[in-house]
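Asker: One structure is given below, represented as structure tokens, and several questions about it will come after.
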Ligand code: NAD
């Protein structure tokens, strides 16, 4: 039987790691892409090299992304699923934010996602099949101190919608998932007091788990969603609904 190949970026830890494990459970052979070598290798050791492989790649680097897809083409000849999950934050109020932190966040979150989408689109169009899931964030709607991050995540939604139009007739769907507050190494960096306030502002009064996002990705790449494309699904405990008070 032919292997079903899924690529997951930022797969070494956090949400990407949970997505990778969930897609392995769903029967995919998962290609874990990350800029962090030791986390990526550990993740594959944990999953098993019969079910996953690690690719060291900085998704914001065009040459590295192109080399990644060349290597995948040589080895596997197909791509069934691409999950663009890698993302970073560099928070500050705009008046204190250095240009380098704007560029970095846009380059990884938005340009990196676009570079990966372009290569996957070329392959999936030719295959006449495929699923692309882009991890945006509820923060695209606006978060204090995140002008760079919110802009990058809003950009991902625009990219998702436009690409869904371009790839629709090639039997390729493109959807976005917008997580809210999820308990990962990324949110561990938030100061305890600030984190408690964020949790208190949640309608559910709780953080989500990486598995909550992974389950949604699993659903979106399944046969159950053949007629869904260009959509953004919120996994945020209701935070996107509106004012909670
Ligand atoms: P994380 O920091 O725990 O993990 C991110 C992973 O991406 C790391 O393994 C890191 O090495 C990798 N990465 C970073 N830059 C990369 C690059 N240039 N190329 C390849 N890999 C790179 O983050 P997380 O909390 O698991 O978040 C995953 C995604 O979900 C991100 O896109 C994030 O913006 C989004 N998100 C997270 C939350 C949350 O509350 N944790 C909420 C909304 C959206």
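Each value in this text was obtained by applying a stated rule to the coordinates, not by laboratory testing. On a predicted model such as this, the values are computed, not experimentally measured, just so you know. A quick note on method: Cβ atoms are made from the backbone with ideal geometry, for glycine too, and the neighbour counts reach across all protein chains shown.
Asker: Using the scaling law 2.2 N^0.38 Å as the reference, what is the normalised Cα Rg of the chain?
Answerer: Against the compact-globule rule of thumb, the ratio is 0.97.
Asker: Would you order 124, 93, 141, 1 from fewest to most other beta-carbon atoms within 10 Å of each residue's own beta-carbon?
Answerer: By the 10 Å Cβ count, ascending: 1, 93, 141, 124.
Asker: Using alpha-carbon pairs under 8 Å, 6+ residues apart, how would you state the relative contact order of segment 4-236 in percent?
Answerer: Answer for segment 4-236 is 20 percent.
Asker: Here's another thing I want to ask about it. Apply the Kirkwood formula to segment 118-233: the hydrodynamic radius equals the inverse of the mean of 1/r over all pairs of different alpha-carbon atoms; give it in Å with one decimal. Mind dumping the intermediate values first?
Answerer: Values: mean 1/r = 0.0647 Å⁻¹.
Taking the inverse mean of 1/r over all distinct Cα pairs, segment 118-233 comes out at 15.5 Å.
Asker: Compute the acute angle (0 to 90°) between the alpha-carbon long axis of helix 62-76 and the principal axis of greatest extent of the alpha-carbon atoms of the chain; round to the nearest 10°.
Answerer: With both axes taken from Cα atoms, the answer is about 40 degrees.
Asker: Let me ask something else about it. What is the distance, in nm, between label points placed 7 Å from the Cα along the Cα-to-Cβ direction at residue 73 and at residue 93?
Answerer: 5.0
Asker: A further question on this structure: Relative contact order (percent) for segment 1-132, with alpha-carbon contacts under 8 angstrom and 6 or more residues of separation? Show your work: numbers first, answer last.
Answerer: Numbers: 203 pairs, mean separation 34.0, N = 132.
26 percent.
Asker: Still on this model: Please compute the length gained on full extension between residue 41 and residue 128, using 0.36 nm multiplied by the number of residues separating them and subtracting their Cα-Cα distance.
Answerer: 28.1 nm
Asker: Okay, moving on. Could you compute Rg(Cα) / (2.2 N^0.38 Å) for segment 29-88, with N its residue count? Could you put the intermediate results ahead of the total?
Answerer: Numbers: Rg = 11.4 Å, N = 60, 2.2 N^0.38 = 10.4 Å.
Against the empirical 2.2 N^0.38 Å value, I get 1.09 for segment 29-88.
Asker: Further, regarding this structure: Based on alpha-carbon centroids, what's the gap between segment 171-212 and segment 1-58 in Å, whole number please?
Answerer: One Cα centre to the other: 21 Å.
Asker: Given the alpha-carbon gyration tensor of segment 4-148, what are the semi-axes of its equivalent ellipsoid in whole angstrom, ordered largest first, with each equal to the square root of 5 times an eigenvalue? List each step's numbers first, then the result.
Answerer: Details: eigenvalues 148, 56, 38 Å².
Values for segment 4-148, descending: 27, 17, 14 Å.
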